[in-house]
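S.K.: Take a look at this one; I'll ask things after.
Each reported figure results from applying straightforward, stated rules to the coordinates on display, with no laboratory input. Treat the numbers as computed from the prediction; the structure is a model and nothing was measured. Cβ sites come from the backbone with ideal geometry, for glycine too, and all protein chains shown count toward neighbours.
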Amino acid sequence: MTKPVGVQIKRLPHGHGLDLPAYATEGSAGMDVLAAESVTIKPGQRHAVATGLSVAIPENYEIQVRPRSGLAFKHGITVPNTPGTIDSDYRGELKVLLINHGTDDFAIQRGDRVAQLVLAPVTQAKWEEVDELSETVRGEGGFGSTGGHAKLA
Ligand SMILES: O=c1ccn([C@H]2C[C@H](O)[C@@H](COP(=O)(O)OP(=O)(O)OP(=O)(O)O)O2)c(=O)[nH]1
């Protein structure tokens, strides 16, 4: 494991009394983040779940908001914009967008772990506009051009 990177975090009034996002195990890539509200998401509905937290991520990093596989597999609850992007200059409340792809109402209680946060390095690009791009074997092939599944043939 590399040395952890410090990230400033602030509890908003409705975030008080909740644990901060935390790694469930020593080798976890993501910190489970808790809901700061209780809400029920009906099948097909989306909701921006409050976390009661705002953060100041160091420059050249982002936080990605990813689904929890257990909620996705067992209940069809996922993050529609996955991975959600928390920019280093964002100071508003961190929200977890969830969608219910399942067939049942999904009840979230304040304190439930609804998603996971992954700190990731960011490299910004600088465009270098050209008239011709370098040639490659793949060329313009894409969208299943290499096969590998009967349905792509
Ligand atoms: O799952 C998410 C995604 C985004 N955000 C916050 C932090 C992020 O920095 C900001 C903007 O997100 P994004 O760039 O994805 O949204 P946009 O639709 O492009 O909005 P904007 O025009 O404000 O950038 O919203 C969240 O709290 N949760």
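S.K.: Which cross-chain or sequence-distant (5 or more) residues have an amide H under 5 Å from the amide H of T78, H modelled 1.01 Å from N in plane?
M.R.: I99, H101
S.K.: Pop out the ³J(HN,Hα) list for region 64-71 in order, Karplus 6.51 cos²θ - 1.76 cosθ + 1.60 with θ = phi - 60°, rounded to Hz; leave Gly and Pro as x.
M.R.: Along region 64-71, the couplings run 9, 9, 10, x, 9, 5, x, 5 Hz.
S.K.: What is the ratio of the Cα radius of gyration of the chain to 2.2 N^0.38 Å, with N the residue count, to two decimals?
M.R.: Dividing the Cα Rg of the chain by 2.2 N^0.38 Å gives 1.30.
S.K.: Starting from region 65-153, pick out the trypsin sites (Lys or Arg not before Pro) whose DSSP state is loop and whose Cβ has at most 16 other Cβ atoms within 10 Å.
M.R.: R91, R110, K126, R138
S.K.: Which of A24, A115, A125 moves the most in a Gaussian network model of the chain with Cα springs under 10 Å?
M.R.: A125
S.K.: I want to check the label-to-label distance for V137 and Y90. Put each point 7 Å from Cα in the C-beta direction and report it in nm to one decimal.
M.R.: 3.9
S.K.: Work out which chymotrypsin sites (Phe, Trp or Tyr not before Pro) in the chain are exposed loop sites (DSSP not H, G, I, E or B, at most 12 other Cβ within 10 Å) and give the longest gap free of them.
M.R.: Value returned for the longest uninterrupted segment is 1-126.
S.K.: Also, quick follow-up: Collect residues whose amide H, placed 1.01 Å from N in the peptide plane, falls under 5 Å from the amide H of I108; neighbours closer than 5 in sequence don't count.
M.R.: V39, T40, I41
S.K.: Also, quick follow-up: Can you figure out the FRET efficiency of H16 with D104, using R₀ = 30 Å and their beta-carbon distance, to the nearest 0.05?
M.R.: 0.45
S.K.: Further, regarding this structure: Between Rg and the Kirkwood Rh of region 1-83, both from Cα atoms, what is the Rg to Rh ratio?
M.R.: Ratio value, two decimals: 0.97.
S.K.: List the GluC sites (Glu not before Pro) within region 48-142 that DSSP assigns to loop and that have no more than 14 neighbouring Cβ atoms inside 10 Å.
M.R.: Those that pass, being in a loop and sparsely packed, are E59, E128, E129, E132, E135, E140.
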